[in-house]
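Trainee: Here it is, the structure in full.
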Amino acid sequence: MRSLLVLFGLCATLLGTITESRAAAFGSSIMNASNVRLQYFNGTTWVDASNTQATLFGSVVTSQSTATLGALSQSSGLVTGLNAPQSFVSPTLAAPAEQSSLPLTGLGPSGVNSFARGDTFGTGTTIIGGSLSTATLAELNAVGADAGLANGNVGGTSIFQVNVAQGGQYRLAFDGSLGMQATGDGFANNSFRVQVNQSQTGGAVSIDYADPLLNRSLNGSGTVNVSTSFFSPSVVLEAGPIATFTITQNSTAGATVIPEPSSIAIFGLMSLGSLAAWRRRRSAEGNKALI
């Protein structure tokens with residue numbers, strides 16, 4: 001009987017350890033904002049702004065990407081422009097080639113390799129005429145207890161200064177798509193924000209717009225897919241002063257795989273502990289009988 005209990009405890013402990021070491025989590029967040037453009041209300045309908053209504057005074061576009069997998073980390077830093085170098089870390093996989101179009105093909109939640117990556121891609125340099133497109137990708141696959149804390153984090157910020165030639169109502173319009181996926185203990189987050197500021201004779205005017213369809217969080221197993229046209233709230237701008245349009249876009253994916261013995265392993269350890277206690281008690285009783 002004792003031998004069977006010892007064997008069962010050892011087997012349960014080993015089985016629980018194996019089960020834990022195979023724990024995995026996947027997270028992915030991809031956002032694409034295309035045809036970002038400034039629009040003007042002409043009294044009847046909204047139209048794409050032309051040089052008659054506003055002209056571009058200056059623009060600053062930056063992007064960055066980071067990837068972290070346990071003790072491994074890589075970052076592109078803050079890059080001027082819409083295309084930051086891909087950040088990719090993995091103990092067993094070489095970095096996949098950067099892709100020049102979206103959606104970027106993920107490595108998928110299935111498989112046995114851990115990785116984390118972040119990437120940005122974009123085209124265009126202006127919101128007058130609607131030529132700006134930006135995209136962010138964060139993705140990870142954390143397999144086993146060695147993965148630890150894994151995450152991919154990418155962000156892009158576009159700042160446009162516009163000379164307002166014709167006062168009136170303005171807004172930003174764009175076509176957006178968001179794809180998110182998570183399995184296990186993975187998670188994904190995305191945010192897209194538009195800010196507009198102008199110092200006017202009657203005081204500063206501003207808007208801070210974050211669409212709830214694009215500002216999403218996903219924890220645990222699930223998917224999110226959104227694809228539609230978006231419009232920021234309108235803001236009344238004066239002719240003459242410079243108006244600043246700031247577009248901020250971020251995608252994040254992550255997971256924490258913490259080694260925790262499964263219930264089977266715990267039961268196996270308890271069985272071994274019970275056996276040890278039983279043997280100590282029998283030994284103590286034997287010693288008392290000899291006295």
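Trainee: At R0 = 30 Å, how high is the FRET efficiency between Ser229 and Ala71 if r is their beta carbon distance? Nearest 0.05 is fine.
Mentor: 0.10
Trainee: Further question on the same structure: Could you give the distance between the Cα centres of segment 44-68 and segment 179-240, to the whole Å?
Mentor: Distance between centres, Cα-based: 15 Å.
Trainee: So if the hydrodynamic radius of segment 129-187 is defined as the Kirkwood radius over C-alpha pairs, what does Stokes-Einstein give as its diffusion coefficient at 4 °C and 1.567 mPa s, in µm² per second? Write out the running numbers ahead of the final one.
Mentor: Details: Rh = 15.9 Å.
Rounded, D is 81 µm²/s.
Trainee: Related question: What nm value, rounded to one decimal, do you get for the distance between Phe57 and Glu238 when each label is placed 7 Å out toward the C-beta?
Mentor: Taking the simple label geometry, Phe57 and Glu238 are separated by 1.3 nm.
Trainee: Let me ask something else. Give me the distance in nm between label points sitting 7 Å out from Cα along the Cα-to-Cβ direction at Leu149 and Asp48, one decimal.
Mentor: With each label point 7 Å from Cα toward Cβ, the separation is 4.4 nm.
Trainee: When the Debye formula is applied to the Cα atoms of segment 25-257, each taken as the same point scatterer, what base-10 log of I(q)/I(0) results at q = 0.10, 0.12, 0.13, 0.15 Å⁻¹?
Mentor: After summing over all Cα pairs, the log10 values are -0.48, -0.65, -0.74, -0.91.
Values in this text are rule-based calculations from the coordinates and carry no lab data. Keep in mind the model is a prediction, meaning the values are calculated, not measured. Note: ideal-geometry Cβ built from the backbone for every residue, glycine included; neighbour counts use all protein chains shown.
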